[in-house]
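Structure, as C-alpha cells:
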Amino acid sequence: MFKTSLSNFLKLESATGILLVMATLLAMIMANTSLQSFYGSLTSIPVVVSIGSLVIAKPLLLWINDGLMAVFFFMIGLEVKREVIEGSLRDPKAIAVPAFAALGGMLVPSMIYAWFNWDNPVALQGWAIPSATDIAFALGILTLLGDRVPKGLKLFLLTLAIIDDLGAIIIIALFYTADLSTTSLSIAASMIALLIGMNIRGVINHAAYILIGIILWIAVLKSGVHATLAGVVLGLLIPLKNNRHHFHELEHSLYAPVSYVILPLFAFVNTGIGFSGVSAKDFYDNLTLGIALGLFFGKQIGVFLFSALAVWMGFGKLPVGVNWKILYGVSILSGIGFTMSLFIGSLAFEDARASGMVLTDERLGILMGSMVSGLLGYTVLRYFLRKEN
C-alpha cells in the first residue's frame, strides 16, 4: 500500500514542488532546533576524491552544489536542445512573447535590486539573484489549478523558464567566475572539441559522451569557471537528429533523480536559515528588500510589460486561451526564484563570506519573495481562471 501511494505521489506534476517545500521545511526545522549542530555538521562533512595526483576535496554542501547540480544543468542542456530542434523554441514567432517576457523578468528585478544596493559594492554582487524563475515550483503550483489551466499558458511559462535558465547560465559564466586557470581551460576546450567531433561523426554512444563529460566537469571545476556549466555544454552536445529515441530516453531517465533527489537535496542543504541570529533589521535590510521586492514586484512588472511590448510591436501574440488577466497571474507566479536564486546567491557572496565579511543572509529575501509570489500568483490565477471557465 505504501509503495502504491508513493508511486501515485511521484506521478503528480506538482510532486517536485511539494518535495522542495518539504526539504525546505525540514532544513528550517533542523536549523532552529537542537538539531542545528547536526545540520551544520552534516552539510560540512568533508568528502575527498583522489586519483593519483588529482585531488578534489570539498564539503558535502559543495559536492551537491557543484557536482549534483551539474546533472540538473545537464538535463537543462538536453531540454533546451530538444526544444530548439523540435519543440516550442523552434518557431521564432511562438517564442517571441515568452522571450521578451523572460528578458523583462531578468532586467527589472536586477534593476530593483541594484537600486537598493547601489552604494554597497559587496551586496551589489548579488544583482542577479532575483532574476531567476524556478520552473519546478512555478509549474507545480500551476498544476494545482487542474484542467482549468489553458495548455498555451503552461507552454508560455515553460518557454519563459527555459529562456530564463539560459540567461542564468550566461550570467553565471560571465559574472560569477573566480581566477581562471589556463591549463584547466585548455583541457576543457579540448574535451569540448572532442565532443563536437563525436557529434559531427555521428557517435551516439551516451556512455562515451558522459565519460568525456566527467573529464570536462573536472577541468571546468579546476578552471575557476563554475563546474555546473560543464553539464549544460554536455547536454547541448549530445546528438539528437539521428538519435531521437535514445536522446529522449536519456532525458526521461534523468527526470526522476533530478526532480525527486537532486533538487530536494539542494534545497535541504541550502535553506537551513537559523533565525536565532536573525534580527528585525535583517527583514528590511537593503539586501533582503532588494531580493524580495525584485522577485515579487520586479518579476511581475518585467514579465507582464515586456510581454505587452512584444504583442504591441507585432512580434507575436498571446497563446490560445490566455488573456491579459491570466497572463498577469502567471507573471506574479514567475517571481518564485527559489532553486536558481539560491544557486546564484551561493555564488555571489562565496568569496565575500570566505574573507570574513558579514552580510545579511540572502536566503531570507529569496524565501520571502518566492513565498509571496507563489501564494498571490496562485490566488490570482485561480480567481481569473474560474471566472473564464
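The values are calculated or read from the model by the stated rules, or taken from the named source; none is laboratory data. These numbers were taken from a predicted model, which means no experiment stands behind them. Heads up, the Cβs are rebuilt from the backbone with ideal geometry, glycines too, and the neighbour counts pull from every protein chain shown.
Can you find a residue that is surrounded by fewer than 16 Cβ atoms within 10 Å (Cβ to Cβ), in contact with a helix residue (DSSP H, G or I) (Cβ under 7 Å, 6 or more places away or on another chain) and polar (S, T, N, Q) anywhere in segment 379-389? Within segment 379-389 (the criterion being surrounded by fewer than 16 Cβ atoms within 10 Å (Cβ to Cβ), in contact with a helix residue (DSSP H, G or I) (Cβ under 7 Å, 6 or more places away or on another chain) and polar (S, T, N, Q)), the answer is yes, since at least one residue qualifies. The residue of segment 288-330 that is surrounded by the most Cβ atoms within 10 Å (Cβ to Cβ), among those that are within 25 Å of the chain's Cα centre (by Cα) and of a type in the set (Phe, Trp, Tyr), is 296. Name the residue that is farthest from residue 215 (Cα to Cα), counting only residues in segment 37-66 that are touching a strand residue (DSSP E or B) at 6+ places or on another chain (Cβ under 8 Å) and in a helix (DSSP H, G or I). Per the stated criteria, the residue is 43. Test residue 302 against the criterion of being closer than 18 Å to residue 161 by Cβ and either of a type in the set (Lys, Arg) or touching a Leu at 6+ places or on another chain (Cβ under 9 Å) (or both), and give yes or no. Yes, satisfied.
Inspect all residues belonging to segment 217-235 and state whether any of them is farther than 26 Å from residue 49 by Cβ, over 20 Å from the mean Cα position of the chain (by Cα), not in a loop (DSSP other than H, G, I, E, B) and not polar (S, T, N, Q). Scanning segment 217-235 turns up no residue that is farther than 26 Å from residue 49 by Cβ, over 20 Å from the mean Cα position of the chain (by Cα), not in a loop (DSSP other than H, G, I, E, B) and not polar (S, T, N, Q). Within segment 339-361, being within 15 Å of residue 66 (Cα to Cα) and either touching a strand residue (DSSP E or B) at 6+ places or on another chain (Cβ under 6 Å) or surrounded by fewer than 21 Cβ atoms within 10 Å (Cβ to Cβ) (or both) holds for one residue alone: 350. Scan segment 332-362 for residues that are aliphatic (A, V, I, L, M) and free of Cβ contacts under 8 Å to residues at least 24 places away in the same chain and the total you get is 2. Residues in segment 175-224 that are free of Cβ contacts under 8 Å to residues at least 40 places away in the same chain, polar (S, T, N, Q) and surrounded by 18 or more Cβ atoms within 10 Å (Cβ to Cβ): 0 in all. For first residues located in segment 273-289 and β-branched (Val, Ile, Thr), partners that are surrounded by fewer than 19 Cβ atoms within 10 Å (Cβ to Cβ) and not in a helix (DSSP H, G or I) and lie 6+ apart or on another chain with Cβ distances below 9 Å form the pairs 273/32. Restricting attention to segment 124-131, does a residue exist that is buried (at least 24 other Cβ atoms within 10 Å of the Cβ), hydroxyl-bearing (Ser, Thr, Tyr), out of contact with any Cys (no Cβ under 7 Å at 6 or more places or on another chain) and not in a helix (DSSP H, G or I)? Scanning segment 124-131 turns up no residue that is buried (at least 24 other Cβ atoms within 10 Å of the Cβ), hydroxyl-bearing (Ser, Thr, Tyr), out of contact with any Cys (no Cβ under 7 Å at 6 or more places or on another chain) and not in a helix (DSSP H, G or I). Number of residues in segment 43-85 that are in contact (Cβ under 8 Å) with a residue 24 or more places away in the chain, more than 15 Å from residue 228 (Cα to Cα) and surrounded by 13 or more Cβ atoms within 10 Å (Cβ to Cβ): the value is 9. Give me the residue from segment 303-347 that is hydrophobic (A, V, I, L, M, F, W, C) and assigned to a loop (DSSP other than H, G, I, E, B) and, out of that set, farthest from residue 137 (Cα to Cα). Per the stated criteria, the residue is 313.
Annotation note: Cβ proximity below 9 Å between a residue of segment 97-118 that is among the hydroxyl-bearing types (Ser, Thr, Tyr) and a residue that is not in a helix (DSSP H, G or I) (sequence gap 6+ or interchain) occurs for 110/127; 110/128; 113/127; 113/128.
Here's the yes/no breakdown for (1) more than 24 Å from residue 268 (Cα to Cα); (2) at pLDDT 85 or above:
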{"position": "72", "(1), (2)": "no, yes"}
{"position": "79", "(1), (2)": "yes, no"}
{"position": "100", "(1), (2)": "yes, yes"}
{"position": "104", "(1), (2)": "yes, yes"}
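The number of residues in segment 263-287 being part of a helix (DSSP H, G or I), surrounded by fewer than 20 Cβ atoms within 10 Å (Cβ to Cβ) and among the aliphatic types (A, V, I, L, M) comes to 2.
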